[in-house]
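Notes follow once the structure below has been shown.
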Amino acid sequence: MPSFVPFELLSATIVGDSLQLLVEYGGGCETHDFGLCWNGLIAESAPPQISLDIIHDANNDSCDALISEPLEFDISLARENLSGGEVIIHVGGNSLSYTF
């Protein structure tokens, strides 16, 4: 069974079609898996807005070293659902402009 534990989002940026995150968490004995989820909702504003959630599975890591890890997610699929060339992406308390 996956173990979902807290993590801290240190930074979030968009470079091209890539959402680049820097996360920090306790661990060090197991590989931690991260994913990005979108519920499919689009706020009808100018520009439109979407919210993404970061999922973290610690794989039952019981160690407590402080780990910082860069993550990168391809967000180009957002273009298939949006028009106009720009969307505001909300993730982990950050609001980022994605222009395409």
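The values are calculated or read from the model by the stated rules, or taken from the named source; none is laboratory data. Since the structure is predicted, the reported quantities are computational estimates derived from the model, not experimental observations. Ideal geometry is used to build each Cβ from the backbone, glycine not excepted, and the neighbour counts take in all protein chains shown. To get the accessible areas, we keep the full protein, side chains included, count just its heavy atoms, and leave off ligands, DNA and RNA. Shrake-Rupley method; radii C 1.70, N 1.55, O 1.52, S 1.80 Å.
A few points about this structure:
- For the chain, the solvent-accessible area works out to 59 Å² per residue, with a probe of 1.4 Å and every protein chain left in place.
- Entry note, the chain: relative contact order of 33 percent, from Cα contacts under 8 Å with a spacing of 6+ residues.
- Kirkwood Rh (inverse of mean 1/r, distinct Cα pairs), the chain, angstrom: 14.5 Å
- Among 18, 51, 83: highest mean-square fluctuation, GNM of the chain, C-alpha pairs under 10 Å: 83
- Cut-off 11 Å, label 7 Å out along Cα→Cβ of residue 33, residues of the stretch 46-83 by amide N: 56-60
- Net length gained if the chain between residue 42 and residue 90 were fully extended (0.36 nm per residue, minus Cα distance): 16.2 nm
- Förster-model FRET efficiency, 25 Å R0, residue 76 and residue 55, C-beta, rounded to 0.05: 0.80
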